[in-house]
Amino acid sequence: MSDSVPNLTRAELHAIWAPDASVWSPWVKPVPFAFWPRALKSEPPVLRAEVSAAPFPSARSGHALVIDLPGGESVLCGADLATRGYRPVPIFASCPDDATVRGLHHCTVDAEAVITALAISATGLAQCPLCAGAPPAFLIDATRHAPGTPLNPQDFDNRSAVYASDFPSASLLRKEGITHVTVVRDSEPFGLDLSYVLDTWRHGGLEVEAIDLAGRSLTIPWPPASFLSAFFYRLQLALRLRPNPSGGYGRLWAGSAGG
């Protein structure tokens, strides 16, 4: 590894983001850590000033956060929130592709940015004196669906989705003192997969809201209150987004699955 790459093993990097003492560590997805160590992106992600200046609720207010920003920036935002008392919980399922790095394939989701951000933020996060029960800031990738990106044969399709099972239940969140969940993202529209997650929390007794980086309220497109609607939506996701043998998302697209 070059001198610019943190001298951490895979296990050490994962332990920084998922420490044994944190109640939220079981929800840290192992997918991006499985590809460490590797070279960092030549142009690493940056945290916009408006993100760090966003009006996040106090970590002492009974809030959990869902940071729905582009993957690398979502990680950097989580590391920044750790200095304010939140425990960042990365939930990323898109795999990188070595052939994409070499320019042989187009990659639909920038998983390299996530891995780079996890690595360059690790030292600072390790120095944050977070308590075991620090409220969670769940980090997800706003580009996980690669919206508006056409798929071509031999593209590396690593689109992913979030599911209720990727997050703690409303009852566990309440047990840990969480009464509100605030989603922070750039703007509308929402991913419907996230709406289903938020809906389970809402029906579980949590107050759920969404705001943009200026603190303005965003409309949450609540999913239809129908078992069949939920079933067909999950079926659609299963047909369109197929995990690979590692449990993450990423395979060469041959044009047989839906775009």
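Points to keep in mind about this one:
- Ordered by the number of other Cβ atoms lying within 10 Å of each residue's own Cβ, fewest first, Phe138, Phe56, Phe227 fall into the sequence Phe227, Phe56, Phe138.
- Proxy reagent accessibility, fewest Cβ within 10 Å first, across Cys131, Cys77: Cys131, Cys77
- Taking packing as the residue-averaged number of other Cβ atoms within 10 angstrom, the listed peptides 157-169, 118-130, 42-54 run from highest to lowest as 157-169, 118-130, 42-54.
- Beta bridge orientation in the chain: antiparallel %, DSSP, nearest 5: 15
- Using C-alpha pairs below 8 Å separated by at least 6 residues, the relative contact order for the stretch 151-259 is 39 percent.
- Among Tyr196, Tyr86, a tally of other beta-carbon atoms within 10 Å of each Cβ gives an order, fewest to most, of Tyr196, Tyr86.
- Two-site label geometry, Arg242 and Glu43: point separation in nm, points 7 Å out along Cα→Cβ: 3.4
- The stretch 10-253 - percent relative contact order, Cα under 8 Å, separation 6 or more: 24
- Given the choices (i) 17.8, 54; (ii) 19.3, 65; (iii) 17.2, 50, Rg and Dmax of the Cα atoms in Å derived from the coordinates of this structure is entry (i).
- A DSSP coil position with no more than 10 other Cβ atoms inside 10 Å describes the following trypsin sites (Lys or Arg not before Pro) in the stretch 161-259: Arg216.
- The helix-based estimate of mean residue ellipticity at 222 nm for the chain, built from -39,500 (n - 2.57) per DSSP H run of four or more residues and divided by its residue count, is -8500 deg cm²/dmol to the nearest 500.
Any read-out appearing in this document is the output of simple, stated calculations on the displayed coordinates, not a laboratory observation. All of these numbers come straight from a predicted model, not from anything done at the bench. With ideal geometry, Cβ positions are generated from the backbone for all residues, glycine too; neighbour counts draw on all protein chains shown.
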